[in-house]
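Visitor: Before I ask anything, here is the structure I am working with.
The values are calculated or read from the model by the stated rules, or taken from the named source; none is laboratory data. In this text the structure is predicted, and so the values were computed from the model without any measurement. Here Cβ is always computed from backbone atoms with ideal geometry, including for glycine, and neighbour counts include all displayed protein chains. When the accessible area is computed, the model is the full protein with side chains, heavy atoms only, and any ligands, DNA or RNA have been set aside. Shrake-Rupley method; radii C 1.70, N 1.55, O 1.52, S 1.80 Å.
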Amino acid sequence: GENVEQHPSTLSVQEGDSAVIKCTYSDSASNYFPWYKQELGKGPQLIIDIRSNVGEKKDQRIAVTLNKTAKHFSLHITETQPEDSAVYFCAAPGGDSNYQLIWGAGTKLIIKP
Amino acid sequence: GAGVSQSPSNKVTEKGKDVELRCDPISGHTALYWYRQSLGQGLEFLIYFQGNSAPDKSGLPSDRFSAERTGGSVSTLTIQRTQQEDSAVYLCASSLDGTDLREQFFGPGTRLTVL
């Protein structure tokens, strides 16, 4: 079955700098890779996703890149702001279903003022 | 419009008691998921409902856990004879259509503490 690993577990960056979080997956057939942001006391919220027919997707300060050969995808946040502080989760399709996601363990992003 | 709601937000119970957690999905969403999130961990899939189809219960950790979804809307997750290791945040999510992977909308979760 699918296995998703996420690194780092904690990332501290200076406000205004960039942050990069990386995930690797094991199933070469996986074709959908979302990133979710979870703020304290709330449920996760989708911030960006990418399907395997493209290598990069951008939405303002957020971008996701996908390397299908190496089976990894990364979240890039530029010009970080205090409100970016949260836990970020990656996910990939799991098993034989077309509805189940396997989730990374999460990255706690801390933006230092 | 209203998002996914869950109740209660917090539940403290004694070991051995039964608990019921409720989820109200977004109106019109046919897919509903339950997850468990232990402290500092990722999301552990528990159960999935899609329309009137039989639910996928493959993630339920033991037979003490069960869930139902009445009328294709509200869902209840029941944990019988709770154990301390059941302590976690239980998250519910709904999706417009579960037949293809797409955005899941999460509720705020129920924090369960078993003493």
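Visitor: Scan A:Tyr99, A:Tyr88 and give me the residue that is among the aromatic types (Phe, Trp, Tyr) and over 29 Å from B:Ser53 (Cβ atoms).
Guide: A:Tyr88 is the lone residue from the list that is among the aromatic types (Phe, Trp, Tyr) and over 29 Å from B:Ser53 (Cβ atoms).
Visitor: Specify the residue that is farthest from the other protein chains (Cβ to nearest Cβ); the eligible residues are those in the range A:78-113 that are in a loop (DSSP other than H, G, I, E, B) and open to solvent by less than 20 Å² (accessible area, probe 1.4 Å).
Guide: Step by step, filter the range A:78-113, then rank; the result is A:Thr80.
Visitor: Another one. Just give me the residues in the range B:34-60 being open to solvent by less than 50 Å² (accessible area, probe 1.4 Å) and among the basic types (Lys, Arg), in sequence order.
Guide: Scanning the range B:34-60 gives a single hit, B:Arg36.
Visitor: I'd like to know if the range B:12-27 contains one or more residues that are under 11 Å from the mean Cα position of the chain (by Cα), modelled with pLDDT under 95 and open to solvent by 30 Å² or more (accessible area, probe 1.4 Å).
Guide: No: zero hits.
Visitor: B:Thr82: of a type in the set (Val, Ile, Thr) and within 13 Å of the chain's Cα centre (by Cα), yes or no?
Guide: no
Visitor: Let me ask you something else. Considering only the range A:51-65, state which residues are closer than 26 Å to B:Gly109 by Cβ and open to solvent by less than 60 Å² (accessible area, probe 1.4 Å).
Guide: The answer is A:Ile62, A:Val64.
Visitor: For the range B:83-102, which residues satisfy the criterion of being in a loop (DSSP other than H, G, I, E, B), open to solvent by less than 60 Å² (accessible area, probe 1.4 Å) and at pLDDT below 95?
Guide: B:Asp97, B:Gly98, B:Leu101
Visitor: If you don't mind, another one. Can you tell me which residue in the range A:66-77 is farthest from the other protein chains (Cβ to nearest Cβ), limited to those that are more than 21 Å from B:Gln41 (Cβ to Cβ) and open to solvent by less than 40 Å² (accessible area, probe 1.4 Å)?
Guide: Among residues in the range A:66-77 that are more than 21 Å from B:Gln41 (Cβ to Cβ) and open to solvent by less than 40 Å² (accessible area, probe 1.4 Å), the one farthest from the other protein chains (Cβ to nearest Cβ) is A:Ile77.
Visitor: Then there's this: Go through the range A:34-50 and count every residue that is open to solvent by 30 Å² or more (accessible area, probe 1.4 Å), more than 8 Å from chain B (Cβ to nearest Cβ) and out of contact with any Lys or Arg (no Cβ under 8 Å at 6 or more places or on another chain).
Guide: The qualifying residues number 3.
Visitor: I'd like to check something: does the range B:9-32 contain any residue that is without any contact (Cβ under 8 Å) to a residue 24 or more places away in the chain and under 25 Å from A:Tyr88 (Cα atoms)?
Guide: Scanning the range B:9-32, I find no residue that is without any contact (Cβ under 8 Å) to a residue 24 or more places away in the chain and under 25 Å from A:Tyr88 (Cα atoms), so the answer is no.
Visitor: Let me ask something else about it. Select, from B:Pro61, B:Pro8, B:Pro25, the only residue that is over 23 Å from A:Phe33 (Cβ atoms), within 13 Å of another protein chain (Cβ to nearest Cβ), of a type outside the set (Val, Ile, Thr) and touching a strand residue (DSSP E or B) at 6+ places or on another chain (Cβ under 8 Å).
Guide: Of the residues listed, the single one that is over 23 Å from A:Phe33 (Cβ atoms), within 13 Å of another protein chain (Cβ to nearest Cβ), of a type outside the set (Val, Ile, Thr) and touching a strand residue (DSSP E or B) at 6+ places or on another chain (Cβ under 8 Å) is B:Pro25.
Visitor: In the range B:65-82, what residues are more than 17 Å from B:Pro25 (Cα to Cα), open to solvent by 30 Å² or more (accessible area, probe 1.4 Å) and assigned to a loop (DSSP other than H, G, I, E, B)?
Guide: Result: B:Gln80, B:Arg81.
Visitor: From B:Gly3, B:Gly71, B:Gly40, which residue is in contact (Cβ under 8 Å) with a residue 40 or more places away in the chain and over 13 Å from the mean Cα position of the chain (by Cα)?
Guide: B:Gly3
Visitor: Let me ask something additional. Only one of these conditions is not met by A:Asn31: (1) away from chain B (no Cβ under 11 Å); (2) open to solvent by 40 Å² or more (accessible area, probe 1.4 Å). Which number is it?
Guide: (1)
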